[in-house]
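The block underneath contains the structure these notes are about, expressed in C-alpha cells.
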Ligand SMILES: [Zn+2]
Ligand SMILES: [Zn+2]
C-alpha cells in the first residue's frame, strides 16, 4: 500500500510502499477514506514531542471503512490496559500503559491501517469522510477542554485553528459568548472566527471589552498563559489544550489570586468521543477543510506550521 512515514524526527515525511497491515486479535482492517492533520503530527515531525516508535505512520483522525462496510473513526487514544488506577477510576485518558495512534501505533497517513475495535468510534452516515475527520481530535479533545470551562458565559479561544473553529460553533450553540484571539494583525482569521459566531475577534495583543469566565489556549505558545490569566474574571479558568507548549513565563501571584485556575487537558476518553460525535450533528459543527493528496502530507504540515489555511487540513489517500 501507499503510505507516508516519519523515519526520523526533524526530517521530512517520506512517501513509501509498505506491505498491507495485518489485523491482530480484536483489530479492524480499515480502508482509510480521510485522515485529518493535527498539530500533534507537526510536533512529532518537528521533534517537539517524542514519537512512540520510528519509523511511524502519523495520523490520528482517521475515517475508515471496515471489511464488512461499517464506517468508523480512529482517534488518538488507541489502547489502554483497562486495569491501572486511572482506567479503574474512569480516567483512561491518563492510563499508564496507553498507546496512541500515529505515534505508538501506525496511523492514517496511508491507504490502509489497523485499529483496536474497542477504541473505534461509529460515525453517522450523513457526514462526508473529509468533513468528519477533523472532529476526531481537534473536535473531541477541544470538547474535553470546553467541558473543563464549566458554565463559563464568556469564553476566550487563543489560537483559532482546527480545534477552535469547531469548539467556537459548539460554544455559541450552548449560548456562550466567544472571544477569539489570533496572531496580531491576522485579519483573515479574525474574520473567519466572526463568521463562525464569535462575538469579538482580535490579536493576542488586544484586550476584549469584557472579563473572560474562561479561556482555552490552543496555540502552543506558553507566553499566552499569563496574558490570558490577566483577562479572567475571579474564579475563572485557563485551560491549556495542547500536548506541547513553550515555557510559561512567570507571573505575579496576584493574577492567580481570587480562585483563578490554570490546568491542562491530556488525551481523551472514549466517552468524550461518543459524546462529541453525538453532539456535533446537533450544533451542527461545520468543518472548514483543505484537502491534500497522501504524497503531499509534508506540504500539509508545512502549511499548518506557516498558518496558510483556515480550519483543518485533511489527507485523502
Ligand atoms: Zn490503564
Ligand atoms: Zn490530535
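The values are calculated or read from the model by the stated rules, or taken from the named source; none is laboratory data. For clarity, every value in this text was computed on a predicted model and none was experimentally measured. Positions of Cβ are backbone-derived with ideal geometry, glycine not excepted, and every protein chain shown enters the neighbour counts.
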Any hit, segment 50-67, residues being within 9 Å of ligand 1 (Cβ to nearest atom), touching a helix residue (DSSP H, G or I) at 6+ places or on another chain (Cβ under 7 Å) and over 20 Å from residue 129 (Cβ atoms): no
Qualifying residues in segment 76-94 (those that are out of contact with any strand residue (DSSP E or B) (no Cβ under 6 Å at 6 or more places or on another chain) and under 18 Å from residue 49 (Cα atoms)) - the one nearest to ligand 2 (Cβ to nearest atom): 77
Qualifying residue in segment 62-76 (condition: modelled with pLDDT of 95 or more, more than 17 Å from residue 119 (Cβ to Cβ) and surrounded by 24 or more Cβ atoms within 10 Å (Cβ to Cβ)): no
Where residue 44 falls short, out of the listed (1) touching a helix residue (DSSP H, G or I) at 6+ places or on another chain (Cβ under 6 Å); (2) crowded, with 19+ Cβ neighbours inside 10 Å: (1)
Filter pass, residue 43 being in contact (Cβ under 8 Å) with a residue 40 or more places away in the chain, closer than 19 Å to residue 303 by Cβ, part of a loop (DSSP other than H, G, I, E, B) and within 16 Å of ligand 2 (Cβ to nearest atom): no
Tally, over segment 292-317, of residues that are assigned to a strand (DSSP E or B) and surrounded by fewer than 16 Cβ atoms within 10 Å (Cβ to Cβ): 1
Close pairs (7 angstrom Cβ cut-off, 6 or more residues apart or separate chains): farther than 19 Å from residue 27 by Cβ and in contact (Cβ under 8 Å) with a residue 24 or more places away in the chain in segment 86-106, within 16 Å of ligand 2 (Cβ to nearest atom) and in a loop (DSSP other than H, G, I, E, B) anywhere: 93/266; 93/267; 93/268; 93/269; 94/266
Lone qualifier among 308, 286 - being at pLDDT 95 or above and under 21 Å from residue 40 (Cα atoms): 308
Only listed residue being assigned to a strand (DSSP E or B) and surrounded by fewer than 20 Cβ atoms within 10 Å (Cβ to Cβ), chosen from 184, 226, 234: 234
Answer residue from segment 128-160, given it is surrounded by fewer than 24 Cβ atoms within 10 Å (Cβ to Cβ) and closer than 14 Å to residue 36 by Cα and is nearest to ligand 1 (Cβ to nearest atom) among those: 129
Selected residue [surrounded by 14 or more Cβ atoms within 10 Å (Cβ to Cβ), part of a loop (DSSP other than H, G, I, E, B) and in contact with a helix residue (DSSP H, G or I) (Cβ under 9 Å, 6 or more places away or on another chain)] from 12, 21: 12
